[in-house]
Amino acid sequence: MSSKGEVVIVSCAVTGAMHVPAQTPHLPVTPEQIAAAAVGAAGAGAAILHLHARDPEDGRPTADPEVFARFLPEIAAGCDAVINLSTGGGQGMPMDRRLAAVRRFAPELCSLNMGSLNFGTFPLLRNLTEFVHDWERPYIEETRDYVFKNTFADIEAIVAGVGALGTRFELECYDVGHLYTVAHFLEAGVLKPPLFLQAVMGVLGGIAAEATNLMHMKAVADRLFGDDYLLSVIGAGRHQTRLATQSALLGGHVRVGLEDSIYLERGRLAETNAQQVEKIVRILRELSMEPASPAEARRMLALKGAGATAIAA
Ligand code: KMH
Ligand code: ZN
């Protein structure tokens, strides 16, 4: 693994497509809220902002580039963080829609999900009984029968679709097998190092958020990629801080944010994305590590620079 050990890239995933407004009143939903949350997270130490869009009226996940256009310039004007757009979109979105915002804005980074998987949020319904909008309950319920589709053809389509834009990838790996899919595409010359692996741990349907599983993911990645990769980790839900800390201790990087966990600590909702970033930055500093600046993250990930995107600040 390529690592400086003491400089840790902190990504913040601001809103996502997994949570619904009924779970927390603090989920950024409108363009104004998303922009403010993203700039706040950057101010707290996030070098990378992973972004989804939501319908400003009802908070439903959307991939409409017009909605992205209402917050991306604000974010670019408000901070220097790397903008990383999702190509995962939201449940059931066709590939064309998932790719639309990346095609339009040519960001420095976009997500690339390295395999199809069952992606279940339905156990939430055991405790969540009151909803803000009509779409929320069925959206969660339908994950009993939902496959997050990322076939080999889908992966090829995304790489081909954005390759000419110079956009690089956050390679989201939800299980060990996805690392071998990355290796396949590396060997085929489709993906180029340095690889930015994002181990996604704790999604129902993917690998569980257990310390020994992260050790195994890293051991396999070390064998497959040697010094050609950087490891970052998402611990979903209550696992966020402990998996992030473990990743940093192993020489890796971290992703936090309300997309993947709505909590700040046990039983306490995070009120902002910045609070989660501040918390992990505090822990890193206690361990004699520093959050990477956006410039350091750009160097480490060989990114093209904000000036080469189509996001006008
Ligand atoms: N929230 C992660 C578990 C994407 O945006 O492409 C999934 C994710 C996918 O971040
Ligand atoms: Zn995402």
Task: Gain on full stretching of the segment that runs from residue 103 to residue 80 - 0.36 nm per residue minus C-alpha separation - done: 6.2 nm
Task: Potential extension, residue 242-residue 308 segment - 0.36 nm per residue separation minus Cα distance - done: 20.2 nm
TODO: Evaluate E = 1/(1 + (r/R0)^6) for residue 266 and residue 176, where r is the Cβ-Cβ distance and R0 equals 30 Å; express this FRET efficiency to the nearest 0.05.
DONE: 0.55
TODO: Report the one residue of 263, 289, 127 whose Cα lies farthest in the direction of the positive end of the charge dipole of the chain (charges on C-beta: Lys and Arg +1, Asp and Glu -1; origin at the Cα centre).
DONE: 289
Open item on the list: Could you report the accessible area of residue 282 in Å², rounded to 10, computed with a 1.4 Å probe on the protein chains as they sit in the structure?
Closed with: 140
Open item on the list: Given a 1.4 Å probe and heavy atoms of the protein chains only, how would you sort 279, 149, largest accessible area at the top?
Closed with: 149, 279
Open item on the list: About the Cα centre, and with charges only on the beta carbon of Lys, Arg (+1) and Asp, Glu (-1), how big is the dipole of the range 6-308? Nearest 20 debye, please.
Closed with: 360
Open item on the list: Per residue, how large is the accessible surface of the range 121-232? Use a 1.4 angstrom probe and give square angstrom.
Closed with: 47
TODO: Give me the number: length gained by fully extending residue 188 to residue 57, i.e. 0.36 nm times residue separation minus the C-alpha to C-alpha distance, one decimal in nm.
DONE: 42.8 nm
Open item on the list: For a quick check of understanding: with a 1.4 angstrom probe and all protein chains in place, what accessible area in square angstrom does residue 55 have, to the nearest ten?
Closed with: 50
Task: Dimensionless Rg/Rh of the range 6-308 - Kirkwood Rh, Rg from C-alpha atoms - done: 0.92
Open item on the list: Using alpha carbons only, how many angstrom separate the centre of the range 141-190 from the centre of the range 240-313?
Closed with: 22
Task: Neighbour cut-off at most 14 other Cβ (10 Å), DSSP loop, GluC sites (Glu not before Pro), the range 18-80 - done: 57
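The values are calculated or read from the model by the stated rules, or taken from the named source; none is laboratory data. Since the model is a prediction, treat every value here as computed from it, not as a measurement. Here the Cβ is made from the backbone with ideal geometry for all residues, glycine too, and neighbour counts use every protein chain on show. Only protein heavy atoms, including side chains, enter the accessible area calculation; ligands, DNA and RNA are left aside. Shrake-Rupley method; radii C 1.70, N 1.55, O 1.52, S 1.80 Å.
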